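For reference, the structure is listed below as structure tokens.
The values are calculated or read from the model by the stated rules, or taken from the named source; none is laboratory data. Just so it is clear, the model here is predicted, and its values are computed rather than measured. Glycine also receives a Cβ, built like all others from the backbone with ideal geometry; neighbour counts cover every protein chain displayed.
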Amino acid sequence: MQKTIPQPWLDFFQKHAQELTSEQVQPFLDQVTSVQWPLVAELVDEHVLGHSAQNSDQDFSSLAPADFIGLETSQADQSAVLAGECLIQNGQVGVVIVAGGQGSRLGFNGPKGVYPIGAVTGSSLFYFHARKVLSVSRKYGKPVPLLIMTSPENDPATRAHFESHKYFGLNPEHVRFFTQGQMPAVDRTTGQPLFSDRNTLALSPDGHGGALYALSRRENEDGLTALEWAERFGVKTLFYFQVDNPLVRIADPAFLGLHSQAQSEVSFKVVSKQAPDEKVGVVCQSPDGRKLVIEYSDLPAHLAEAREPSGELSYRAGSIAVHIFQTEFLKRLATGAIRLPFHKAIKKVAFWNPQTGQIHDPQEPNAIKFEAFIFDTLPLAERSLIVETDRREEFEPLKNATGPDSPSTVRSAMTRIAAKQLAKAGVKVPLDNLGQPLYAIELDPCFVVDQDHLKPTLGPDLKISGDLSLVD
């Protein structure tokens, strides 16, 4: 067992291992030695025991709203579109999907990316993302490498989903799966690591910020990191997003071009917050000009509610987890002395009680999980860019079983956008009094490569009189 484990935990784990069967011991020790216990000890000291000076409240007095390129400007910049298209045509763009989560909040037993979100066919989130990547590859005549971050929990099921659907038309050689790291859940009072059963630690994914380190970890037989694999195709720029948002414009040329023209190391898409208490992180700016994201729960009320003379929120640049990174920037961070900070999340975690030998399911939050956030890369960049987009066109995440951000709202948004694309192609779409299509509509992203492709394909005689699915 590794010698870097703090002595009290080392003694505890060694004693516990002696009580396990011969079949249980080695998997348990392998799991224990996979954890960076010195880091866990520091986090417990800071977030549980409160001994660290870093535990003090953050000073927000010097923060200002972040500068960003407005929606109208970003949409009208044709030079940016051409610059972004050039990057894709030259094979310099890869795509990263962060997909380590399960669909448990949706009442779905499986990876969230496998959730059947198609309004007509029930196709999965992965289907729409993969087909968008394929459509970009077809349009620009260059393979776009796809990297998919899974978790140890959902990696086998995710791979099986792609294999059973023949990678949705993508070349399997252009797809790479890589797994994010894990961190132990600890008791929120004592900081003691929790067990999920007698011989298994309660581990959970280390947050979407774990992508930074997972991309630089060697775990495949070819001996390459995921970043090195992508760079073999010529990739220098990575388009990053989370699996739960099927509206995202993957490898958006305008966004890529603005990023390139600014020589940015990291760029964020944002939407204007709808209300002061909307649950999205806000991009702010420090006095030295560096940008950073403040969680909605941390932003003081007087800043969250501040408004411009126009009536718009002053602090309105809401992060939607759509980013662009330069690979050199990611490699520099992953190998540097500065590590992304871990944030604590207070959760209910079922645990094995060594006193009773039973699994205990607590009624109140009993544990702390540690998660790194990818947006903490922003203040580490020498050059960064923030670009506004239209939430109705690009942001409708799938998070809840019912209500806002649920399957019904996501399918409605996908249908509305599909109807808009058909209308531009000359197809009359029946609408209700609120302007919403009367029928469910689902378009294969490869069918809608662009409007010039869609219009002659459909012809003038297409009539919609029921649910419609158009597949390439």
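What pairs come up if the first residue lies in segment 65-92 and is among the polar types (S, T, N, Q), the second is surrounded by fewer than 17 Cβ atoms within 10 Å (Cβ to Cβ) and in a helix (DSSP H, G or I), and their beta carbons are under 8 Å apart, counting only those six or more places apart or on different chains?
Final answer for the pair search is S79/Q261.
So, in segment 210-247, how many residues would count as being touching an Asp or Glu at 6+ places or on another chain (Cβ under 6 Å) and at pLDDT below 95?
Qualifying residue count, segment 210-247: 0.
Out of the residues in segment 296-316 meeting the condition of being of a type in the set (S, T, Y) and modelled with pLDDT under 95, tell me which one is farthest from S79 (Cα to Cα).
S297
Can you work out which of the residues in segment 10-24 that are closer than 17 Å to S196 by Cβ and not polar (S, T, N, Q) is nearest to the chain's Cα centre (by Cα)?
For segment 10-24, the residue satisfying everything is F13.
Report yes if V144 is under 30 Å from P362 (Cβ atoms), crowded, with 21+ Cβ neighbours inside 10 Å and either of a type outside the set (K, R) or at pLDDT 95 or above (or both), otherwise no. Steps first, please.
Values: under 30 Å from P362 (Cβ atoms): no; crowded, with 21+ Cβ neighbours inside 10 Å: yes; either of a type outside the set (K, R) or at pLDDT 95 or above (or both): yes.
Judged against the criteria, V144 is not a match.
Filter segment 272-281 for residues that are surrounded by 15 or more Cβ atoms within 10 Å (Cβ to Cβ) and over 16 Å from the mean Cα position of the chain (by Cα); which is nearest to V387 (Cα to Cα)?
Applying the filter and picking the extreme gives S272.
Here is a list: R316, R307. Which entry is of a type outside the set (V, I, T), within 29 Å of T409 (Cα to Cα) and without any contact (Cβ under 8 Å) to a residue 24 or more places away in the chain?
Details: R316 fails: without any contact (Cβ under 8 Å) to a residue 24 or more places away in the chain.
Testing whether each residue is of a type outside the set (V, I, T), within 29 Å of T409 (Cα to Cα) and without any contact (Cβ under 8 Å) to a residue 24 or more places away in the chain leaves just R307.
Got a number for residues in segment 379-398 being over 15 Å from the mean Cα position of the chain (by Cα) and closer than 22 Å to D244 by Cα?
The number of residues fulfilling the criteria is 8.
When the residues of segment 317-348 are filtered to those that are among the β-branched types (V, I, T) and crowded, with 21+ Cβ neighbours inside 10 Å, which remaining residue is nearest to Q261 (Cα to Cα)?
Top of the filtered list is I324.
Given the conditions (1) at pLDDT below 95; (2) among the β-branched types (V, I, T); (3) in a strand (DSSP E or B), and given that V293 satisfies all but one, which numbered condition is not satisfied?
So V293 meets the others, but not (1).
Out of the strands (runs of 3 or more DSSP E) lying entirely within segment 356-449, which hold 1 or more residues that are loosely packed, with under 15 Cβ neighbours inside 10 Å?
Answer list for segment 356-449: 358-360.
Please determine whether any residue of segment 67-83 is at negative phi and within 22 Å of the chain's Cα centre (by Cα).
Yes, there is a match, as at least one residue in segment 67-83 is at negative phi and within 22 Å of the chain's Cα centre (by Cα).
Of a type outside the set (V, I, T), over 27 Å from Q36 (Cβ atoms) and either at pLDDT below 95 or not assigned by TED's automatic domain parsing to the domain that holds A367 (or both), is that true of R105?
Yes: the conditions hold for R105.
Please verify whether segment 393-403 includes one or more residues that are out of contact with any helix residue (DSSP H, G or I) (no Cβ under 8 Å at 6 or more places or on another chain), at pLDDT 90 or above and not small (G, A, S).
Yes, the conditions are met somewhere in segment 393-403.
Quick test of your reading of the structure: V98 fulfils all but one of (1) over 22 Å from A211 (Cα atoms); (2) at pLDDT 95 or above. Name the failing condition by number.
(1)
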